[in-house]
Amino acid sequence: MSSVATVEAAPVEYAVAVEHYLAGADLGAGSRRVYRISLTSWAWPLVGKVPPAGQSRRLASPPVVPLALLDHPGAERRLAAAVAHRVRYAQARTVNRELSVLRSAIAWWQDQQWIGTDPTAALQQVTGRLEALPPLTGAQRAALFATLAGLREQALWHLLQDTGMTAEAALALDAGGVDVAGCRARSGSVGIVRFGAGTADLLGWLLAGRHVGPVFLTDRRAPAGTRAAGACPLTGRGRMSYRRAAEIFTDATRPLDPAGKGWMLHQLRRSRAVGLQA
């Protein structure tokens, strides 16, 4: 007696197809959450909309999108525009990772015979930002530091302004390497950096006596399996990522930008690394 393979009927909605894909994927809980956020963010451009930025991107309810839109001729153009928009607010590796997640899901949906085409096939990997943006002016910096941002953000932004170090290097700092009284910090990638008294005060309040763990922490506990160096042993919170720091910065500066797009975190870094020492 021969058996006939059956193909499950394709779900109507993109969001349902996402859940089917995640249910069958070999992912840990943390990776599954990241994949869901990434896949959900592609729903907006499929209907010609711009996804929300920053924390709103994680919390917003996506539009109802028919899965069949992935087979429509305009899907490739919409996704290409979404990549061009996203690269303004995230590093190239982040955009490439998000695009890779979508490609993996599309390949799985094709295997299920739910869609017949891959609208990402012609999209190229992002190799850098689409445009070089100038450093912030003195007036822009003054407006930035007058915003009602949290202590963590103000400490990071002032540190970048004072030292000229990259955001990645600043986020990699550990509490044990910060000498608040001496207005300096030890960075594994750039050596000793010096900062002003105002930044020292902000860092002192932020650390509040902590001498171990990352200086800049996320708002939630680190995922299971996080390396010891990536989490605070006192609170269990994880090291803040560049992606999250960049999203917060762009979110906070959107009201200050006449174009309404917000500024990029790397624009805060001075053109000359004034605070670095050999």
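Quick notes on this one:
Every residue, every condition in (1) outside the structural domain of Asp251 (by TED's automatic domain parsing); (2) touching a residue at least 60 places away in the same chain (Cβ under 8 Å); (3) more than 26 Å from Ala259 (Cα to Cα), yes or no:
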{"position": "Leu148", "(1), (2), (3)": "no, no, no"}
{"position": "Glu153", "(1), (2), (3)": "no, yes, no"}
{"position": "Gln161", "(1), (2), (3)": "no, yes, no"}
{"position": "Arg186", "(1), (2), (3)": "no, no, yes"}
{"position": "Leu206", "(1), (2), (3)": "no, no, yes"}
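- Failed item in (1) touching a Phe, Trp or Tyr at 6+ places or on another chain (Cβ under 7 Å); (2) part of a loop (DSSP other than H, G, I, E, B), with His211 passing the rest: (1)
- Single unsatisfied condition, Pro73 versus (1) more than 22 Å from the chain's Cα centre (by Cα); (2) in a loop (DSSP other than H, G, I, E, B); (3) under 19 Å from Ala107 (Cβ atoms): (3)
- Every residue from the stretch 103-117 that is touching a residue at least 24 places away in the same chain (Cβ under 8 Å) and either under 27 Å from Thr199 (Cα atoms) or not hydroxyl-bearing (Ser, Thr, Tyr) (or both): Ala105, Ile106, Trp108, Trp109, Gln112, Gln113, Trp114, Ile115, Gly116
- Count of the stretch 132-152 residues, restricted to those that are over 15 Å from Asp201 (Cβ atoms), assigned to a helix (DSSP H, G or I) and not hydrophobic (A, V, I, L, M, F, W, C), is 3.
- Selected residue [at pLDDT 90 or above, in a loop (DSSP other than H, G, I, E, B) and surrounded by 13 or more Cβ atoms within 10 Å (Cβ to Cβ)] from Pro119, Pro223: Pro119
- Residue within the stretch 59-66 that is in contact with a Phe, Trp or Tyr (Cβ under 9 Å, 6 or more places away or on another chain), part of a helix (DSSP H, G or I), at pLDDT 80 or above and not assigned by TED's automatic domain parsing to the domain that holds Ser241 present: no
The values are calculated or read from the model by the stated rules, or taken from the named source; none is laboratory data. Worth saying up front: this structure is predicted, and the values here are computed from it rather than measured. Virtual Cβ from ideal backbone geometry, glycine too; neighbours counted across all protein chains shown.
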